[in-house]
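*Asks:* Input: one structure, supplied below.
Bear in mind these aren't lab numbers, they're just calculated from the coordinates by the rules spelled out. Keep in mind it's a predicted model, so treat the numbers as computed, not measured. Note: ideal-geometry Cβ built from the backbone for every residue, glycine included; neighbour counts use all protein chains shown.
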């Protein structure tokens, strides 16, 4: 049951080159993957490999000088300017990368209510308080401004805001960056839990090791290209089950596998 | 605050179909040409606009006198061209002096440490804390009016905004590694200020200069209009508009309309040139 | 959280007030020296047309009584002392104590400047928000051209155009003054007052609107490109939703800041507008004092305006820190220069 699919997807930016000439700088190429219901798919790549842009492309919030090609489909329907208004917040939701994505001048409870209203969900106080409770957030956290929350709390608040619309597809952009192991675990198991409730989760991260225990499948991205898609369980032993050389190299370079630098990569 | 760095541009509206930057450069070039045309027109007019002709007083605009004539029969078009030429010189000279003041202030404050820096920032506050026009009136009052007084007054009042921008820039440059290492090699702050900091300020200075000219020109006109600036006999936009006030109620509209309109267009042209320059020198605003 | 806030507020306020005092002193010193080097002789200016009937001995006597022969520093100290005691001096051209002249002129100017300030704030903000929210559209272009052209136009020329159009040709408004000629100010009716106020107010507002609108527009575009607005879009917010919830919230404060910081330009504008419409306010008094060499009045007005404008700048600066919760939790003093 495919929920979201990217096929032949690419992205480039129009930039000024010198004073007057402009040129297209390609950022992403040949991106193709799918997410089914009940699945956590991890999109793994180094910082600056264009992972976040994939999330932004799905929500149609790329900067105006970006050019897109290929197709993105949700439930077989193309995701574009026409269909997006009905999809954003209601069918798919984004867990943003950093606290700067929350309104700095509004209290968190208010922003949660905004998100609920935008997704067409009930906005009464009890429902929202119960929703926050599920993420271990109390009234004090709700009354705080975003910058007053600690890193872990802020991340859970963003998760709460993203899930209040009860969307089928959740795209989490670096949900564990800047978190200690304990908080990262809380966040990732929440995402896993959502997938177990028949939702689709796209986990965008730079850390293969952190993603593996929670993901079903892993897509590797390097320099704006897909470097193969692997089952999470194939990352095992010496990586014999891995199909791509890059995945094997990445796997063997992990600390627990002895930092082996693969020669054949 | 209306900083020089935050000005908006008009050019994208004039030629909507061209590329943003081509458009800005084209507009800047056309405007520069128009500005250069004014002194030429003033020169070609000869004595027209200055010599009175009492047979043709207060003539409405026609083919012989595009902008009409004034109460002494002087051709308003030639007079406007001459007035704008005066404005141009006053504006350019005053702005150049003002930029110089700003740069010296900032460099001295950068080179001589905390006390001087506090003093400069206080001077900026004091100058900004007084309405520009009042300070201009005071200075012209002190110097007794005339082109020299106006130019000096403009030079003494227009530096704070550029100084603020430059000061921020210098603060940044001072943190740069090579400056710090130059300091470790025993170079004095004065040597660093002139050798390393000054060259980096040139683009900001140039853009600041061109964007300051329209401000200076507008203030010159205002000051002259109020009776503190250029002599009431000289061709100047402020004088012409002040004179026109006596004839407006009699319906002599051209006396009030054209000089002001030309001044407005003149100022817009300068702004366009300034923005074109900024596009070249300040890549941050050029990214979109 | 409240105690540190109150504390840093008090410290910040004390610092700023101290700085304000220094700025005032500096302006007083500069203004006084400028008045001293002026070629206009205060005694001659005082005598005016009576100059022919007064001999050099009498002039010397007046100079002596005014202390004009003492060292400049002594004169300055005495003048400053008098000011601190509330004695602003005597205005020669209005033949009244300076404090009275300023007070009466202030009350005439207040409705003009105050209303222009409010109107340009409200209209400018509204126009800026509309333009910024629809940047690139035709309505943005119209607003931008309007604001941009007017911000480059000489204020007094706009006043002249308004005078030509509405007073001379259409005859809707009077050409001058704050009330009908020949009527004592106390007898001027409210509607008359309003009619005389309309054109100078329009001239001043038109100028102020463009400043606030351009800044609000730029700010609005910036806000709508921030992560928070981007995320709101990803949540399915409509444009109106984003503008109302994120845009207004973030753009209001900079607009108010601009409004406070632009008091100086507003006063400059009011001098010109009052001159064009012969509106007997503080601005016209400034010009008269400068032209006729009424030094005590000119200096007093300078100090009053400096106080006003500097307090405006100060409020702008503090507002900036006070209302934003991110800065409020920190130190009010950090980053003293944000302009």
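*Asks:* Taking other Cβ within 10 Å of each residue's Cβ, how do C:168, B:106, C:149 sort, fewest first? Please report the intermediate quantities before stating the final value.
*Replies:* Numbers: C:168 18, B:106 28, C:149 15.
Going from least to most buried by this count: C:149, C:168, B:106.
*Asks:* What whole number of Å gives the distance from the Cα centroid of the stretch C:186-253 to the Cα centroid of the stretch B:111-126?
*Replies:* 35 Å
*Asks:* Okay, moving on. Counting other beta carbons within 10 Å of each Cβ, put B:115, B:189, B:66, C:157 in order, fewest first.
*Replies:* B:115, B:66, B:189, C:157
*Asks:* Round to the nearest 10 and give me the degree value, 0 to 90, for the angle of helix B:159-175's Cα axis relative to the longest principal axis of chain B.
*Replies:* 20 degrees
*Asks:* Can you tell me what share of the DSSP beta bridges in the protein assembly as shown is antiparallel? A percent to the nearest 5 is fine.
*Replies:* The answer is about 60 percent antiparallel.
*Asks:* Here's another thing I want to ask about it. If each residue of separation counts as 0.36 nm, what is the full-extension length gain between residue C:77 and residue C:96 once their alpha-carbon separation is subtracted?
*Replies:* 4.5 nm
*Asks:* Okay, next question. Based solely on C-alpha atoms, express the radius of gyration and the Dmax of chain C in angstrom.
*Replies:* Cα radius of gyration and Dmax of chain C are 24.3, 87 Å respectively.
*Asks:* Going by how many other beta carbons lie within 10 Å of each one, how would you line up A:158, A:226, fewest first?
*Replies:* The fewest-first ordering by Cβ neighbours comes to A:226, A:158.
*Asks:* Now, a different point. Please give the helix C:282-292 orientation as an angle from the longest Cα principal axis of chain C, in degrees from 0 to 90, rounded to the nearest 10.
*Replies:* Tilt of helix C:282-292: around 40 degrees.
*Asks:* Still on this structure, please answer the following. Would you please give the FRET efficiency between residue A:32 and residue A:67, computed as 1/(1 + (r/R0)^6) with r the Cβ-Cβ distance and R0 = 22 Å, to the nearest 0.05?
*Replies:* Calculated transfer efficiency: 0.75.
*Asks:* Round to the nearest 0.05 the FRET efficiency obtained for residue A:147 and residue A:82 when R0 = 30 Å and r is the Cβ-Cβ distance.
*Replies:* For residue A:147 and residue A:82, the calculated efficiency is 0.25.
*Asks:* Further question on the same structure: Averaged across A:102-108, how many Cβ atoms of other chains sit within 10 Å of each residue's Cβ atom?
*Replies:* So the per-residue partner count for this stretch is 6.
*Asks:* While we're here: How many Å³ per residue does the convex hull of the Cα positions in the protein assembly as shown occupy?
*Replies:* With only Cα atoms used, the protein assembly as shown gives 220 Å³ per residue.
*Asks:* Summing -39500 (n - 2.57) over the DSSP H runs of n ≥ 4 in chain A and dividing by its residue number, what mean residue ellipticity at 222 nm do you reach, to the nearest 500 deg cm²/dmol?
*Replies:* Value at 222 nm, helices only: -8500 deg cm²/dmol.
*Asks:* Next question, about the same structure. Between residue C:60 and residue B:100, with labels modelled 7 Å along Cα→Cβ, what's the label distance in nm to one decimal, could you check?
*Replies:* The answer from the label model is 4.3 nm.
*Asks:* Taking each residue in A:60-69, count the Cβ atoms of any other chain within 10 Å of its Cβ, then average. What number comes out?
*Replies:* Mean partner-chain Cβ count within 10 Å for A:60-69: 2.
*Asks:* Give the average, rounded to an integer, of partner chain Cβ atoms located within 10 angstrom of each Cβ in A:124-130.
*Replies:* 0
*Asks:* Working from Cα positions, state the angle (0 to 90°, nearest 10) between the long axis of helix B:253-281 and the longest principal axis of chain B.
*Replies:* 20 degrees
*Asks:* Could you tell me the relative contact order of chain C? Use alpha-carbon pairs under 8 Å, at least six residues apart, and round to a whole percent.
*Replies:* 26 percent
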